[in-house]
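Everything below concerns the one structure shown next.
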Amino acid sequence: MKKILVVGSMSIDFIVTTNIRPNQGETVFGENFSTGFGGKGANQAVAASRLGAHTAMMGHVGDDLFGTEIIANLVQNEVSTDYVEPVTHQSSGSAHITLFDHDNSIIVIPGANNAFDLDEKEKWNKMIDDFALVILQNEIPQAVNECIVDLCWSKGIPVIYNPAPAREVTASMIEKVQYVTPNEHEFDILFPGKNRSEILELYPNKLIVTLGSAGAVFHNGSEEVRIPAFQTVPVDTTGAGDTFNGALAVALLNEIPIEKALSFANLAAAMSVSGYGAQGGMPTLKEMMESDLYEETWNFE
Ligand code: RIB
């Protein structure tokens with residue numbers, strides 16, 4: 001059975017909704033406060049699992065109440081936690097999110113998400129053999145990402161690399177992964193000062209730039225192709241990118257051609273913004289199939 005491994009972050013999101021943003025040194029009243037499950041890694045794992053893929057998470061939580069709840073949430077979403085390790089003397093990862101004017105800004109405190117030990121490389125080497133596809137993001141140390149990419153590369157296991165949040169990476173890392181999925185801002189950090197179309201052409205069927213409500217764009221080897229987004233009224237856009245990546249992984253694992261896979265990922269992302277919290281609106285496969293728009297993407301049957 002083909003399985004997805006997500007190596008990455010797990011966090012508790014602390015979410016403030018506000019109509020006004022404080023300036024430096026200013027105090028304002030906001031509208032609402034809530035907590036939710038997040039971390040780009042965990043979000044992508046939950047998205048893939050809800051869409052029917054056998055999915056496992058690898059990473060670390062703190063030896064605290066949040067860590068216990070994060071693991072329980074993964075289990076509830078049928079994500080395997082066999083490779084999730086609680087670590088002592090570290091708090092679980094947290095993300096501090098401000099929702100303002102239908103969009104978010106986020107401060108991440110990695111905490112236990114950084115607790116990978118590169119000396120465990122041999123263990124990871126064996127573990128990865130169980131998986132047909134690996135997803136990575138940038139909320140764990142870059143050295144760990146590079147190590148996992150090298151292991152996958154040596155075994156021919158495809159990697160979807162979602163370079164979020166943005167940071168510089170080596171050209172070799174981009175060469176070795178199967179797909180790279182930056183948004184526009186992350187693209188500018190990965191390829192500073194470069195023309196997007198020229199870079200897309202350099203990485204055909206690999207580099208996919210997400211454009212929010214404008215969809216996603218890639219180069220198919222002959223021409224640049226934009227896959228339009230599905231328009232919805234967003235309640236909370238947090239986690240839309242993660243839903244996109246999780247859904248893309250599910251489609252590609254099922255050997256769906258890239259254009260249809262992107263359309264499927266776009267629909268999952270569009271549906272995800274209908275609920276509060278990163279995971280609140282993430283659709284199940286059943287919910288996607290019941291959508292009037294599903295026929296426009298990719299049909300499982
Ligand atoms: O991509 C959304 C996620 O980014 C949030 O859930 C938060 O945890 C941050 O890591």
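The values are calculated or read from the model by the stated rules, or taken from the named source; none is laboratory data. Owing to the predicted nature of the structure, the values given are computational and were not obtained by experimental measurement. Cβ sites come from the backbone with ideal geometry, for glycine too, and all protein chains shown count toward neighbours.
Structure summary
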| quantity | calculated |
| --- | --- |
| Any chance Thr17 is within 16 Å of the ligand (Cβ to nearest atom), surrounded by fewer than 24 Cβ atoms within 10 Å (Cβ to Cβ) and of a type in the set (Val, Ile, Thr) | yes |
| Conditions (1) free of Cβ contacts under 8 Å to residues at least 40 places away in the same chain; (2) outside any helix (DSSP H, G or I); (3) under 21 Å from the mean Cα position of the chain (by Cα); number of the one not met by Tyr276 | (1) |
| Matching residues in segment 190-209 - criterion: being acidic (Asp, Glu) and in contact (Cβ under 8 Å) with a residue 12 or more places away in the chain | Glu201 |
| Members of segment 71-87 that are in a helix (DSSP H, G or I) and touching a helix residue (DSSP H, G or I) at 6+ places or on another chain (Cβ under 7 Å) | Leu74 |
| Residues of segment 133-143 satisfying the condition of being outside any loop (DSSP other than H, G, I, E, B) and crowded, with 23+ Cβ neighbours inside 10 Å | Leu133, Val134, Ile135, Leu136 |
| Members of segment 210-239 that are in contact (Cβ under 8 Å) with a residue 24 or more places away in the chain, farther than 20 Å from Ser105 by Cα and surrounded by 13 or more Cβ atoms within 10 Å (Cβ to Cβ) | Gly215, Ala216, Phe218, Asn220, Glu224, Val225, Ile227, Pro228, Ala229, Phe230, Thr232 |
| Every residue from segment 217-242 that is within 16 Å of the ligand (Cβ to nearest atom) and either touching a Ser or Thr at 6+ places or on another chain (Cβ under 8 Å) or charged (D, E, K, R) (or both) | Pro234, Val235, Asp236, Gly239, Ala240, Gly241, Asp242 |
| The listed residue being more than 12 Å from the ligand (Cβ to nearest atom), charged (D, E, K, R) and surrounded by 13 or more Cβ atoms within 10 Å (Cβ to Cβ), out of Asp64, Asp82 | Asp64 |
| Single residue of segment 187-222 satisfying the filter (part of a loop (DSSP other than H, G, I, E, B) and within 23 Å of Leu267 (Cβ to Cβ)) that is farthest from the chain's Cα centre (by Cα) | Asn220 |
| Scope segment 90-99; condition surrounded by 16 or more Cβ atoms within 10 Å (Cβ to Cβ) and either in contact (Cβ under 8 Å) with a residue 60 or more places away in the chain or in contact with a Pro (Cβ under 6 Å, 6 or more places away or on another chain) (or both); matching residues | Ser92, Gly93, Ser94, Ala95, Ile97, Thr98, Leu99 |
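Results for (1) modelled with pLDDT of 95 or more; (2) surrounded by fewer than 18 Cβ atoms within 10 Å (Cβ to Cβ); (3) out of contact with any strand residue (DSSP E or B) (no Cβ under 6 Å at 6 or more places or on another chain); (4) hydroxyl-bearing (Ser, Thr, Tyr), shown as yes or no for each residue.
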site	(1), (2), (3), (4)
Glu146	yes, yes, yes, no
Cys152	yes, no, no, no
Gly156	yes, yes, yes, no
Glu168	no, yes, yes, no
Val180	yes, no, no, no
Ile189	yes, yes, yes, no
